[in-house]
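Single-structure report; data block below.
The values are calculated or read from the model by the stated rules, or taken from the named source; none is laboratory data. Because the structure is a prediction, the values reported are computed rather than measured. Here Cβ is always computed from backbone atoms with ideal geometry, including for glycine, and neighbour counts include all displayed protein chains.
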Amino acid sequence: MLGLIGYPLSHSFSKKYFTEKFEKKGIEDYKYELFPLKNIEELTNLLVEHPSFRGLNVTIPYKEAVLPFLKKVSEEAAAIGAVNTIKIENGVLTGYNTDVYGFEKSIFPFLKPHHKKALIFGTGGASKAVRFTLSKLGIEYKFVSRNPDNSQLSYQAIDEAILSEYQVIVNTTPLGMSPKVDSCPDIPYHFLNKKHLLYDLVYNPSETLFLKKGRKAGASIKNGMEMLVLQAEKSWEIYGDYSG
């Protein structure tokens, strides 16, 4: 059995994706289920109740909180500080991060030579994969938070000068996600232009208010659907042989 842990899980791409994978490949002995955990501590009992688990995907808000439950963590996931894929083999939980793979592959074709600095909206587990990827690509970054520390910006601090300097903007927050489609990060969108690239990890709706405002200002836009598919494909590879 495979599954997804997080909370809430009202809109899940993963169950449909993996179920279709099993059907297409004629794999009848596996199924993919959703496990909305109100507290990460519930994971211990979940594992006891389902000894047949082969792997788990991890989503908001547990990509960081799940780390203490793992026996092993891949070098990349350890460097990122967040896990979204857990392989379970002989009772041993090993954590991986496939968000980096998905994000890098999906944003790379949109990057231009002038895209040298980026703003990352949000500071959760997904933002850490984005930070790792941008650093890998040689793009400087700055986190933007509602409660910033000395190394971060507040949304209120974003002005024309900052947007002129930081021309890649990545939203890792759930703002704009269905059903709350009327929300978006509070920034001065009228200072955006065709040099900007707006990337939203949200994929439902396909064009969030954040992306709509960016497109209206002339910016290039990209949602998180391709990233989601790519990271799921990488998770599928990690889970490995399904014959046993």
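Could you pull out the residue among Val202, Val229 that is under 30 Å from Glu23 (Cα atoms) and in contact with a Pro (Cβ under 8 Å, 6 or more places away or on another chain)? Steps first, answer last, please.
Numbers: Val229 fails: in contact with a Pro (Cβ under 8 Å, 6 or more places away or on another chain).
Only one candidate qualifies: Val202.
Would you check if Gly214 is under 17 Å from the mean Cα position of the chain (by Cα) and either of a type in the set (A, V, I, L, M) or not assigned by TED's automatic domain parsing to the domain that holds Arg54 (or both)? No; evaluated as a whole, the condition is false for this residue. Please specify each residue of the range 48-60 satisfying the condition of being touching a residue at least 40 places away in the same chain (Cβ under 8 Å), of a type outside the set (Lys, Arg) and either surrounded by fewer than 16 Cβ atoms within 10 Å (Cβ to Cβ) or within 17 Å of Thr94 (Cβ to Cβ) (or both). Passing the criteria: His50, Ser52, Phe53, Gly55, Leu56, Asn57, Val58.
For first residues located in the range 219-243 and modelled with pLDDT under 95, partners that are part of a loop (DSSP other than H, G, I, E, B) and surrounded by fewer than 16 Cβ atoms within 10 Å (Cβ to Cβ) and lie 6+ apart or on another chain with Cβ distances below 9 Å form the pairs Tyr242/Lys25; Tyr242/Ile27; Tyr242/Asp29; Ser243/Ile27; Ser243/Asp29. Inspect the range 47-64 for any residue being part of a loop (DSSP other than H, G, I, E, B), at pLDDT 95 or above and hydrophobic (A, V, I, L, M, F, W, C) and give the result as yes or no. Scanning the range 47-64 turns up no residue that is part of a loop (DSSP other than H, G, I, E, B), at pLDDT 95 or above and hydrophobic (A, V, I, L, M, F, W, C).
For the range 146-160, check the following and say yes or no: at least one residue is of a type outside the set (Ser, Thr, Tyr) and in contact with a Ser or Thr (Cβ under 7 Å, 6 or more places away or on another chain). First the steps, then the outcome.
Residues of the range 146-160 that are of a type outside the set (Ser, Thr, Tyr), as a first pass: 146-150, 152-153, 156-160.
Applying the additional criterion that residues be in contact with a Ser or Thr (Cβ under 7 Å, 6 or more places away or on another chain) yields 148, 152.
Taking every residue of the range 146-160 in turn, at least one turns out to be of a type outside the set (Ser, Thr, Tyr) and in contact with a Ser or Thr (Cβ under 7 Å, 6 or more places away or on another chain).
For the range 23-35, a residue qualifies if it is without any contact (Cβ under 8 Å) to a residue 24 or more places away in the chain and either touching an Asp or Glu at 6+ places or on another chain (Cβ under 9 Å) or surrounded by 10 or more Cβ atoms within 10 Å (Cβ to Cβ) (or both), and exactly one does: Glu23. Only a single item in (1) under 16 Å from the mean Cα position of the chain (by Cα); (2) assigned to a loop (DSSP other than H, G, I, E, B); (3) more than 19 Å from Thr133 (Cα to Cα); (4) not small (Gly, Ala, Ser) is not met by Val83, and it is number (3).
Which of the residues belonging to the range 100-123 are of a type in the set (Val, Ile, Thr) and more than 18 Å from Ile221 (Cβ to Cβ)?
Val100, Thr123
Looking at the range 74-104, which of the residues that are crowded, with 18+ Cβ neighbours inside 10 Å and among the β-branched types (Val, Ile, Thr) is farthest from Gly125 (Cα to Cα)? Taking the candidates together, the pick is Ile88.
Within the range 1-22, the set of residues being under 17 Å from the mean Cα position of the chain (by Cα), of a type in the set (S, T, N, Q) and surrounded by fewer than 16 Cβ atoms within 10 Å (Cβ to Cβ) comprises just one member, Ser10.
Summed over the range 112-154, the residues that are among the small types (Gly, Ala, Ser), farther than 14 Å from Asn171 by Cβ and crowded, with 17+ Cβ neighbours inside 10 Å give a count of 1.
Note on the range 94-116: residues that are in contact with a strand residue (DSSP E or B) (Cβ under 9 Å, 6 or more places away or on another chain) and under 12 Å from Lys195 (Cα atoms) total 5.
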